[in-house]
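S.K.: First, the structure itself, so that you have it in front of you.
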Amino acid sequence: MTQATQSTTATFKALKCKECGTEYEPKATHVCEFCFGPLEVTYDYDALRRTVTRESIQKGPNSIWRYRPFLPVVTETPIDVGTGMTPLVKANRLARRLGIKNLYIKNDAVNMPTLSFKDRVVSVALTRAQELGFTTVSCASTGNLANSTAAIAAHAGLDCCVFIPADLEAGKVLGTLIYGPTVMAVQGNYDQVNRLCCEVANTQGWGFVNINLRPYYSEGSKTLGYEVAEQLGWQLPDHIVAPLASGSLFTKIYKGFQEFIKVGLVDEKSVRFSGAQAEGCSPIAQAYRDGRDFVTPVKPNTIAKSIAIGNPADGIYALEIAKKTNGSIESVNDAEIVDGIKLLAETEGIFTETAGGTTVAVLKKLVEAGKIDPSETTVVYITGNGLKTQEAVQGYIGEPLTIEAKLDSFERALERSRTLERLDWQQVLV
Ligand SMILES: *Cc1c(COP(=O)(O)O)cnc(C)c1O
Ligand SMILES: [Zn+2]
């Protein structure tokens, strides 16, 4: 394996242990040899302050790579499949329904190429994987990561072998197989898949995007912070709500905001961070509720499979951020998740998957509990697409009206449906 030489224009420097501060060369490694803490990428922020401006960013590509100086790659031609710069939608109808005023949706349900935020982290990880000389890439996935890794590896001409729990939704499995990788469906939950992959990472010379490449991979999530700041007109919101699986995305949105403040791209501001989990897998929310600063692993049992990580690697850091920003971490049950999916679809025309249903349901709960001020500028992160988890809403969304190809058949059906609607409303009113 060849170590890419650091170009003079690269602003990322090293890997640094988040716990003890030991620095490492930026290779394929992710834990500290001394204290087993996670490693994180460091940058030359003085150089960034001198060289990056709002204009230089705006002149860049319409993808996450407009923020290339803030990402841990050396090359000037990263793998760009159009990932990022997803819409930030002013969600007036959902806001009104909830009783708040300034609500935005960051819509990664339409992220490219595989319709989840994971395309961001994988674009960065595979670019770095190529720089480090890997020819085979891999991951332990709850579904979306496998979709992204397989698709972007196909585009980049990398060999790919992904590991998923055997009980994933059909759409997630098909949405991986189509790109032609090797797919290992492991009989076990995500945490068991992950443990197996840690062993495989030690025996095969593969780049695992969320294991030995994790420090690079996780930096990709910062772009969800940068884009929101840029799309709000170079301002930070007052409050964000995002889903928590390993907790990585949540902590990296925070890092993204802090970096933009540090290099002077936005004004200093304290943003409140609130996290969303599914009750059937809510180790971070439970720790928050109990006032603990450690996370006790759980065995997942929820329809929100994409965020069902029972032993979250960045759980303690997510807890810390929610606490110090005066945010919150909440959980909702499966029925509330389905209602969250429907609420977002019916008010904003956005079909999200179970993770997004969880986030919307938690948003609603936070508003009802008075934990979101109605006038706060609040951004909700919708991280995945509903077409991939269709079984979650099957049976809760009604049926089409089957009619003959005749006008009177249509008119009778229309009358029937209006009567049903009226009956529905009467039931609501009594
Ligand atoms: C992976 C995933 C998340 C959360 O990821 P973490 O960084 O592990 O917390 C959220 N939403 C969706 C749809 C995901 O696939
Ligand atoms: Zn350390």
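S.K.: If ligands, DNA and RNA are left out, what is the accessible area of Lys269 with a 1.4 Å probe, given in Å² to the nearest 10?
M.R.: Solvent-accessible area, nearest 10 Å²: 70 Å².
S.K.: Another one. Report the residue, chosen from Leu387, Leu145, Leu344, that carries the largest GNM mean-square fluctuation when the chain is represented by alpha-carbon nodes joined by springs under 10 Å.
M.R.: Highest fluctuation among the options: Leu387.
S.K.: How much net charge surrounds Ala47 when only the other residues with a Cβ under 14 Å from the Cβ of Ala47 are counted, with Lys and Arg +1 and Asp and Glu -1? Before the final figure, lay out each step's value.
M.R.: Values: positive: Lys13, Arg49, Arg50, Arg68, Lys262; negative: Asp44, Asp46, Glu259.
Result for the local shell: +2.
S.K.: Spelling out what I want: for every residue of the range 25-37, take phi, set θ = phi - 60°, compute 6.51 cos²θ - 1.76 cosθ + 1.60 (Karplus), and round to whole Hz; glycine and proline get x.
M.R.: 5, x, 9, 7, 8, 9, 10, 6, 6, 8, 10, 6, x
S.K.: Could you list, in their original order, any pairs among Lys252/Lys388; Lys222/Lys342; Lys90/Lys222; Lys118/Lys255; Lys13/Lys255; Lys172/Lys364 whose Cα atoms are separated by more than 19 Å? The partial results should precede the final answer.
M.R.: Values: Lys252/Lys388 25 Å; Lys222/Lys342 28 Å; Lys90/Lys222 21 Å; Lys118/Lys255 17 Å; Lys13/Lys255 16 Å; Lys172/Lys364 27 Å.
Among Lys252/Lys388; Lys222/Lys342; Lys90/Lys222; Lys118/Lys255; Lys13/Lys255; Lys172/Lys364, the Cα-Cα distance tops 19 Å for Lys252/Lys388; Lys222/Lys342; Lys90/Lys222; Lys172/Lys364.
S.K.: Let me ask another. If you roll a 1.4 Å probe over the range 303-350 with all protein chains in place, what percent of the accessible area is carbon or sulfur? Please list the in-between numbers first.
M.R.: On the way: 780 of 1680 Å².
The nonpolar share, carbon plus sulfur, comes to 46 percent.
S.K.: Under 10 Å, Cα contacts only: if you run a Gaussian network model on the chain, which one of Glu330, Glu227, Glu415 comes out with the highest mean-square fluctuation?
M.R.: Highest fluctuation of the listed residues: Glu415.
S.K.: With the contact rule set at Cα under 8 Å and sequence spacing of 6 or more, what percent relative contact order holds for the chain? Walk me through the intermediate numbers first.
M.R.: Values: 888 pairs, mean separation 66.6, N = 430.
Over the chain, the number comes to 15 percent.
S.K.: In addition: Among Tyr317, Tyr288, what's the order by accessible area (1.4 angstrom probe), most exposed first? Could you put the intermediate results ahead of the total?
M.R.: Details: Tyr317 20, Tyr288 60 Å².
Listed by decreasing accessible area, they come as Tyr288, Tyr317.
S.K.: Keeping all protein chains in the complex and leaving out DNA, RNA and ligands, what accessible area do you get for Lys262 with a 1.4 Å probe, in Å² to the nearest 10?
M.R.: Approximately 100 Å² for this residue.
S.K.: Order Leu401, Leu158, most accessible first, counting only protein heavy atoms with a 1.4 angstrom probe. Before the final figure, lay out each step's value.
M.R.: Values: Leu401 105, Leu158 20 Å².
Ranked from most to least accessible, the order is Leu401, Leu158.
S.K.: Taking the chain as a Gaussian network, where each spring joins two C-alpha atoms under 10 Å apart, which residue of Glu368, Glu399, Glu259 fluctuates the most?
M.R.: Glu399
S.K.: Report in % the part of the accessible area of the range 127-274 that belongs to carbon and sulfur, leaving out ligands and nucleic acids; probe 1.4 Å.
M.R.: On the way: 2210 of 4660 Å².
The C+S portion of the solvent-accessible surface of the range 127-274 is 47 percent.
S.K.: Calculate for the chain the 222 nm mean residue ellipticity that helices alone would give, adding -39,500 (n - 2.57) per DSSP H run of length 4 or more and normalising by residue count, nearest 500 deg cm²/dmol.
M.R.: Values: 15 runs with 170 residues, N = 430.
The helix-only estimate for the chain comes to -12000 deg cm²/dmol at 222 nm.
S.K.: Moving to a separate point now. With every protein chain kept in place and ligands, DNA and RNA left out, what is the accessible area per residue of the chain? Probe 1.4 Å, answer in Å². Please report the intermediate quantities before stating the final value.
M.R.: Working: 18720 Å² over 430 residues.
Per residue, the chain has an accessible area of 44 Å².
S.K.: Per 10 Å bin, what percent of the C-alpha pairs of the range 287-430 does each bin hold, from zero upward?
M.R.: Each 10 Å bin holds this share of Cα pairs: 10, 29, 31, 17, 9, 4, 1.
S.K.: Would you tell me the accessible area of Phe34, worked out with a 1.4 angstrom probe on the heavy atoms of the protein chains, in Å² to the nearest 10?
M.R.: 150 Å²
S.K.: What shape does the range 48-193 have by the C-alpha gyration tensor, where a ≥ b ≥ c are the square roots of the eigenvalues, rounded means a/c under 1.5, and otherwise prolate means a/b greater than b/c and oblate the rest? Please report the intermediate quantities before stating the final value.
M.R.: Numbers: a/c = 2.48, a/b = 1.17, b/c = 2.13.
Since a/c reaches 1.5 but b/c is at least a/b, the shape of the range 48-193 is classed as oblate.
The values are calculated or read from the model by the stated rules, or taken from the named source; none is laboratory data. Everything numeric in this text was worked out from a predicted model, so none of it was measured. In this analysis, Cβ positions are derived from the backbone assuming ideal geometry, glycine residues included, and neighbour counts consider all displayed protein chains. Quick note on the areas: whole protein, heavy atoms, side chains included, nothing else; ligands and nucleic acids left out. Shrake-Rupley method; radii C 1.70, N 1.55, O 1.52, S 1.80 Å.
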